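Enquirer: Have a look at this one before I ask anything.
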Amino acid sequence: MDLQFLDAKATFEERAAVDALPEGAARDQLLPALHAVNDRVGWISQGALNYICEQLHVPPADAYGVASFYSLFSLTERPERVVHVCTDLACRVNGADTVCDTLTEHVGPAGKARGGVTWLRSPCLGVCEKAPAALAFEAGDPAGSELLAPATGAEVVLAAGRSPATEEGAAPVLHQTDRESLKLLHRIGAVDPESLDDYRATGGYAALRNALQLGPNGVIREVTDSGLMGRGGAAFPTGRKWEGAARQPALPHYLVCNADESEPGTFKDRVLLEGDPFALVEAMTIAGFATGATLGYLYLRGEYPRARRLVQNAIDVARERGFLGTDIMGHEGFSFDIEIRRGAGAYICGEETAIFNSIEGFRGEPRSKPPFPTEQGLFGKPTVVNNVETLVNVPLILTSGYAAYREIGTEKSAGPKLFCLSGNVRKPGVYEVPFGTTLRELLELAGGVPEGRELRAVLLGGAAGGFVRPDELDLPLTMEDARAAGTTLGSGVVLALDDKADLGGFLLRIASFFRDESCGQCVPCRIGTVRQEEAVSRIVGGRKLSTGADDLALLREVGQVMRDSSICGLGQTAWNAIESAVERLGALDGAES
Amino acid sequence: MTIVELGLPKRLVEFTVDGQAVSVPEGATILDACSAVGKEIPTLCYGDTLKPANACRVCMVEVEGSRTLVPSCSRKAEPGMVVHTDSERTRTSRKVVLELLGSATDLSTTPGVAEWMAEAGADPERFGPPAPPSDDRDDALPGEHEPVDGLTAATVRQPVKVDNALYVRDYGKCILCYKCVDACGDQWQNSFAISVAGRGFGARISTEFSTPLPDSACVYCGNCVEVCPTGALSFKAEHDKREDGTWDESAQTETTTVCTFCGVGCNLTLHVQDNEIVKVTSPHDSSVTHGNLCIKGRFGWQHVQNT
């Protein structure tokens, strides 16, 4: 490829950051290279981009298209210290606006550099149980980060004025104290997440041992018979997915663990990643064994520095001790390893095909299906993509057996399920319950709405989910009951809104979120999400177009076409929550004249 | 015109379109099948010389059993498929997609679209009056936008980019079909001078750091202009004549000849108005060019007129 470059040179620091990448790096190291420069310098200059392109043989316009896709990268000079203040659903309900106002007053408006720092409004940071949250990054070698949650405006102003103490916030805490009943969360907070010995002492790696005895087909049979369905939102049968990839003749096969948890209100995967990282490493190893993959990518969202450190540690320790690498656990010929890929601020990269483009160093745009990932996925090869929570169920299945696993939950929705409780509840956090627990029971576990308040609505399933009314709380939380009730469990979001919550503002934030996070590839989503936000804004603000157009009718039509004609799930679900607020809560009543 | 490569004999796939039995060679798309039976489906991002980009969603059809509509330009026909091209769902989708495009983009130079809109009953103005043009779309940040009041409809209106003597970029007309990027990149030219930058509504076609074309990797083959479906990219000569109000397609003749610059033998189609060459294209079904040319064939025609 004959590449042409702008006349700009990289500085010593920029070159050093890129030179630290593995030798012979190719295009799939583009995202790591952009991170390396952004981490060290704070932004990506023309010279740095040129240098990256020379090293990786990527056309500069192409690399610019990739770098400008991700919100954690800056292509214009900015201070070394950047504070991201979460203004998404749960933080919004818990005072994010006040934090932003305080910052505006003391540090200046968002996006403007002042005194070596700039602050930005951020989509969900995934710490909804401790809302409101802020995450500070400081460029350098090494780069620093500091999570503040829950944070007051004054604390964030203080943090903006100092170097991050590489303080990652407190370890996840469970409110469910009866650990005996917990199948997925039993180690969280009870073992040292950095200790492989702790992990093994609590049953770790028994499942992989069983898997090696069962053989790949045996493992797939167990997982299929267990009835495990994906926990990322789509609820596809995991065994069938594994089998689909395993029987593909093309080699190699890949495994991708989707840890790009970016659905507003979702933080269950973060709790697993931080609290029980070895469980995920073991589960990925089993999945690799079953599906014939020798390399697994863990695509981790860029806003989870603590999870990244702990999972990287788990991978390194597991490799040292023979649980990753070649001839794993003495099983000759079985090789498997895991590479972490850090996302850079793009919700769409959690879509199962966008994740491939992102790992390969392209814009995180979804691909058209078919072909499906199990036939042609990462690098065009058969690939299994599984969510973190889905994978963490696998060791449980292989130690207890599929029959015992099926005892948990209901006939059609088997197993335990994690839910992320946030918003106006007394004890926000991750809760593990069997499928079939009612929404009322779950809310009671979290203490219900605060004293003296009344429940107005529950957002179930996240921004792509739907609202449930207070008179519908007896809904059993299963895939089939949710579907029958016209909603979805999605990624396990249960966000409670009380009678004081600003529902209109909340809906506007959902519309704004989808507009921001659309990749822009297809027309229904790229423009539809804009028109949706504009219409919601008019309704919420009590405004009308001069034509007097019926905004609800307009929303319905645009919503239907986004659902019918968008390329991927983002556009297809961008109207769900707003539609359910209209249909079930009458939230935008008064719009029709 | 679709270029059909004659390879090994192919099996035939039988399925139905709007109740009509159709049989097409394996690998053909629903759109191919519709063309074969004379059913016209509007397309914008579909390129007869490019891989389907699937981006515009104007050609969506209904396939029984599919949860969503499917793009006919890229979905391959399967045996027994039952396709509807004119159901209520497809009509609504086509209408709204055209409305969305029309509300955000200047489609005044997009061939065919006015008729499709009239046929679909599309009214882009129902989303409100267009917002004023913006001169900083090239700096749009991913994941961020200003709060909206909804009283105007956001658009991609922006100043025309005139930074060289050969072609003009009017991105207020760009529907982001990806065809120029694909033609410039690995599908034809391998210059990789442009890419899609940013994301969401802020996505735009851009050079590296939105540098002017003369500083970019552009080699002025004009193949991006050749494939542009909306006139967002146009030859400078055409652009100037449109500005003057002297561009008159009905008065133009087209003559296909062979380029004399080198020995490759590319076909050139000379578009002539008032005895003056105003544009050079190449037939897409030419086995030599597939519609592509180099800078000389595309732009080196002034000497013909130096009498």
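Enquirer: With region A:355-442 as the region, which strands (runs of 3 or more DSSP E) entirely inside it contain at least 3 residues that are more than 22 Å from A:L251 (Cβ to Cβ) and of a type outside the set (D, E, K, R)?
Expert: Filter on region A:355-442 gives A:416-423, A:429-434.
Enquirer: Of the conditions (1) open to solvent by 10 Å² or more (accessible area, probe 1.4 Å); (2) more than 9 Å from chain B (Cβ to nearest Cβ); (3) not polar (S, T, N, Q); (4) not in a helix (DSSP H, G or I), A:A553 fails just one. Which one is it?
Expert: So A:A553 meets the others, but not (4).
Enquirer: If you go through region B:62-77 one residue at a time, how many are without any contact (Cβ under 8 Å) to a residue 40 or more places away in the chain and surrounded by 24 or more Cβ atoms within 10 Å (Cβ to Cβ)?
Expert: Within region B:62-77, residues that are without any contact (Cβ under 8 Å) to a residue 40 or more places away in the chain and surrounded by 24 or more Cβ atoms within 10 Å (Cβ to Cβ) number 2.
Enquirer: Suppose the filter is at the interface with chain A (Cβ under 10 Å from one of its Cβ atoms), among the β-branched types (V, I, T) and assigned to a helix (DSSP H, G or I); does B:V181 pass it?
Expert: Judged against the criteria, B:V181 is a match.
Enquirer: Taking B:T92 as meeting all but one of (1) without any contact (Cβ under 8 Å) to a residue 60 or more places away in the chain; (2) surrounded by 23 or more Cβ atoms within 10 Å (Cβ to Cβ); (3) among the β-branched types (V, I, T), write down the number of the exception.
Expert: Failing condition for B:T92: (2).
Yes/no per residue for (1) under 30 Å from A:L396 (Cα atoms); (2) within 14 Å of chain B (Cβ to nearest Cβ):
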{"site": "A:R114", "(1), (2)": "no, no"}
{"site": "A:L125", "(1), (2)": "yes, yes"}
{"site": "A:A151", "(1), (2)": "no, no"}
{"site": "A:P164", "(1), (2)": "no, no"}
{"site": "A:L174", "(1), (2)": "yes, no"}
{"site": "A:V191", "(1), (2)": "yes, no"}
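Enquirer: Which one is surrounded by the most Cβ atoms within 10 Å (Cβ to Cβ), of the residues in region A:41-57 that are hydrophobic (A, V, I, L, M, F, W, C) and within 9 Å of another protein chain (Cβ to nearest Cβ)?
Expert: A:L49
Enquirer: Right, here's the next one. How many residues does region B:131-173 contain that are under 30 Å from A:G542 (Cα atoms) and in a strand (DSSP E or B)?
Expert: 1
Enquirer: Residues that are without any contact (Cβ under 8 Å) to a residue 24 or more places away in the chain, out of contact with any Phe, Trp or Tyr (no Cβ under 7 Å at 6 or more places or on another chain) and surrounded by 15 or more Cβ atoms within 10 Å (Cβ to Cβ): which strands (runs of 3 or more DSSP E) entirely in region A:87-202 hold 2 or more of them?
Expert: Answer list for region A:87-202: A:144-148.
Enquirer: Which condition breaks for A:G265 when tested against (1) open to solvent by 10 Å² or more (accessible area, probe 1.4 Å); (2) assigned to a loop (DSSP other than H, G, I, E, B)?
Expert: Answer for A:G265: the failing condition is (1).
Enquirer: Separate question: Take A:G569 and tell me if it is more than 9 Å from every other protein chain (Cβ to nearest Cβ) and more than 22 Å from the chain's Cα centre (by Cα).
Expert: no
Enquirer: What number goes with the only condition from (1) open to solvent by less than 20 Å² (accessible area, probe 1.4 Å); (2) assigned to a helix (DSSP H, G or I) that A:L545 does not pass?
Expert: Among (1) open to solvent by less than 20 Å² (accessible area, probe 1.4 Å); (2) assigned to a helix (DSSP H, G or I), A:L545 violates only (2).
Enquirer: Still on this structure: Suppose we filter region A:341-362 for residues that are farther than 18 Å from A:Q572 by Cβ and open to solvent by less than 20 Å² (accessible area, probe 1.4 Å); how many remain?
Expert: 8
Enquirer: Would a scan of region B:40-52 turn up a residue that is touching a strand residue (DSSP E or B) at 6+ places or on another chain (Cβ under 8 Å) and more than 10 Å from every other protein chain (Cβ to nearest Cβ)?
Expert: The answer is yes; a qualifying residue exists.
Enquirer: When B:E249 is evaluated against the numbered criteria (1) touching a Phe, Trp or Tyr at 6+ places or on another chain (Cβ under 9 Å); (2) open to solvent by 70 Å² or more (accessible area, probe 1.4 Å), which criterion, by number, is the only one it fails?
Expert: For B:E249, the failing item is (1).
Enquirer: Continuing with this model, one more query. Taking the criterion of being among the acidic types (D, E), part of a loop (DSSP other than H, G, I, E, B), within 14 Å of chain B (Cβ to nearest Cβ) and out of contact with any Ser or Thr (no Cβ under 7 Å at 6 or more places or on another chain), would at least one residue in region A:70-80 satisfy it?
Expert: The answer is yes; a qualifying residue exists.
Enquirer: A further question follows. State all residues of region B:142-178 that are among the aromatic types (F, W, Y) and more than 9 Å from every other protein chain (Cβ to nearest Cβ); if no residue qualifies, say none.
Expert: B:Y167, B:Y171
Enquirer: Checking A:V18 against (1) in contact with a Phe, Trp or Tyr (Cβ under 8 Å, 6 or more places away or on another chain); (2) within 14 Å of chain B (Cβ to nearest Cβ), which single condition isn't satisfied?
Expert: That leaves (2) as the condition not met.
Enquirer: Kindly indicate the residue of region A:490-547 that is of a type in the set (K, R) and more than 24 Å from the chain's Cα centre (by Cα) and also nearest to the other protein chains (Cβ to nearest Cβ) among those meeting that condition.
Expert: Here the answer is A:R538.
Enquirer: If you take just the helices (runs of 4 or more DSSP H) that sit entirely in region A:12-64, which of them hold at least 2 residues that are closer than 21 Å to B:S210 by Cβ and modelled with pLDDT of 95 or more?
Expert: A:30-41, A:46-56
The values are calculated or read from the model by the stated rules, or taken from the named source; none is laboratory data. Since we're looking at a predicted model, the values are computed, not measured. Cβ atoms come from the backbone with ideal geometry, glycine included; neighbour counts cover every protein chain shown. Calculation scope for accessible area: heavy atoms of the full protein, side chains included, ligands and nucleic acids excluded. Shrake-Rupley method; radii C 1.70, N 1.55, O 1.52, S 1.80 Å.
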